[in-house]
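Derivation of every value follows stated rules applied to the coordinates shown; laboratory data play no part. Because the structure is predicted, anything quoted here is derived from the model rather than measured. Note that we place each Cβ from the backbone using ideal geometry, even for glycine, and neighbour counts take in every protein chain shown.
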Amino acid sequence: MSLLKVENATLKFGGVVAVNDLSFSVNEGEVYAIVGPNGAGKSTVFNLISRFYQPYAGRFSFDGQDLLNCKPDEVADLGIARTFQNIELFDHATVLQNLLVGRHRHRRTTLIEELFFAPRVRQEERHHRAAVEEVIDFLDLQPYRDKMIAGLPYGVRKVVELGRALASGPRLLLLDEPASGLSVEETQDMRWWIDDIRKQMGITVLMVEHDMGLVSGVSDRVLALADGAKLAEGTPAEVQSDPAVIEAYLGA
Ligand code: ADP
Ligand code: MG
């Protein structure tokens with residue numbers, strides 16, 4: 001069953017065709033990876049799915065719903081969460097506060113209720129806290145829970161960025177280069193987390209990643225992208241041994 005479907009997507013920036021008639025779909029429950037050289041259009045694909053960019057052409061659907069009818073916050077409401085290639089957190093807030101922001105889409109209380117601190121608000125607040133504490137436990141972030149983001153090492157901020165997306169309780173998680181800048185050990189941890197996110201939490205993952213060790217370790221299927229178009233698609237082993245992929249990497 002495909003959860004996300006991208007059909008004939010095209011986006012141009014001036015003379016540059018960043019995404020060129022690209023089609024692929026991600027099945028419910030799988031980890032699907034997009035690989036490709038810098039500038040291949042990987043992040044642009046994420047920006048199209050999350051509706052930050054308006055496509056020139058193409059269809060995008062999630063669980064049968066047309067994403068082109070949605071604004072970015074409505075995409076999040078449908079259950080699509082993302083991380084950014086360049087970490088986007090509130091530097092002068094704590095880990096806990098950043099993760100609570102990740103819960104934003106679930107807030108159903110009104111301003112009047114919040115002003116009068118109605119029982120419903122307190123009950124909701126407890127529920128959000130519990131969901132966030134679960135993510136903190138899951139990602140071993142307890143030691144950093146009340147620390148300011150600005151003072152944390154890069155590797156920890158990268159995990160908090162993942163946590164912020166997870167805290168929203170998504171059905172589909174878009175990870176843009178989850179291992180970039182991480183040490184070998186941190187990359188190994190990231191690998192276990194992605195595995196657990198899929199297996200224990202049942203969340204479907206679409207990720208962009210350069211580290212082929214990580215890609216082979218966690219992905220069911222891989223799409224190789226070059227100049228915004230599909231070069232190859234298949235299992236990690238199939239894609240890595242594809243002559244067109246080898247040519248694109250070595251010939252670059
Ligand atoms: P990747 O993530 O695969 O490295 P990107 O999707 O970031 O590649 O970029 C694909 C191409 O589109 C590049 O040529 C890049 O310069 C261009 N591009 C991406 N975003 C913009 C933008 N907002 N304005 C102009 N050009 C852009
Ligand atoms: Mg990118």
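Taking every DSSP beta bridge that has both residues in the chain, what percent is antiparallel when rounded to the nearest 5? Here the antiparallel bridges make up roughly 55 percent for the chain.
When Lys and Arg each count +1 and Asp and Glu each count -1, what net charge do the other residues less than 12 Å away from D176, Cβ to Cβ, add up to?
So the environment of D176 carries a net charge of -1.
Listed values for the range 141-153 are Karplus-derived 3J(HN,Hα) couplings in whole Hz (6.51 cos²θ - 1.76 cosθ + 1.60, θ = phi - 60°), namely 9, 3, x, 10, 2, 10, 8, 6, 4, 3, x, 8, x, and x replaces Gly and Pro. Amide H contacts for I34 (H built 1.01 Å from N in the peptide plane; partners 5 or more residues away or on another chain; cut-off under 5 Å): M207, V208, E209, L223.
Each DSSP beta bridge with both residues in the range 129-252 is either parallel or antiparallel, and the antiparallel ones are about 50%.
When the chain is fully extended, how far beyond the present Cα-Cα distance does R122 get from F13, taking 0.36 nm per residue of separation? Intermediate results must be reported in sequence, preceding the final value.
Working: separation 109, 0.36 × 109 = 39.24 nm, distance 4.72 nm.
Extra length from R122 to F13 when fully extended: 34.5 nm.
Each residue of the range 198-212 was assigned a 3J(HN,Hα) from its phi angle through the Karplus expression (A = 6.51, B = -1.76, C = 1.60, θ = phi - 60°), giving 6, 6, 7, 8, x, 8, 7, 10, 10, 10, 9, 7, 8, 6, 5 Hz with x at Gly and Pro. Once fully extended, how much extra length lies between D63 and Q97, figured as 0.36 nm per residue of separation less the alpha-carbon to alpha-carbon distance? Extra length available between D63 and Q97 comes to 9.2 nm. Dividing the mean sequence gap of close Cα pairs (under 8 Å, 6+ apart) by how many residues the chain holds gives a relative contact order of 27 percent. Adding -39500 (n - 2.57) for every DSSP H run of four residues or longer, then dividing by how many residues the chain holds, sets the calculated 222 nm ellipticity at -11500 deg cm²/dmol. Amide H to amide H distances under 5 Å link L3 with V26, N27, E28, where only residues 5 or more positions off or on other chains count and H is placed in the peptide plane.
Counting Lys +1, Arg +1, Asp -1, Glu -1, what net charge surrounds T235 among other residues with beta carbon under 10 Å of its beta carbon? With Lys, Arg at +1 and Asp, Glu at -1, the neighbours total -2. Taking a ≥ b ≥ c as the square roots of the Cα gyration tensor eigenvalues, with a/c under 1.5 meaning rounded and otherwise prolate when a/b beats b/c, else oblate, which class fits the chain? Taking the square roots of the gyration eigenvalues as a ≥ b ≥ c, the chain is prolate. Computed from label points 7 Å out along Cα-Cβ, the spacing between K71 and F138 is 2.8 nm.
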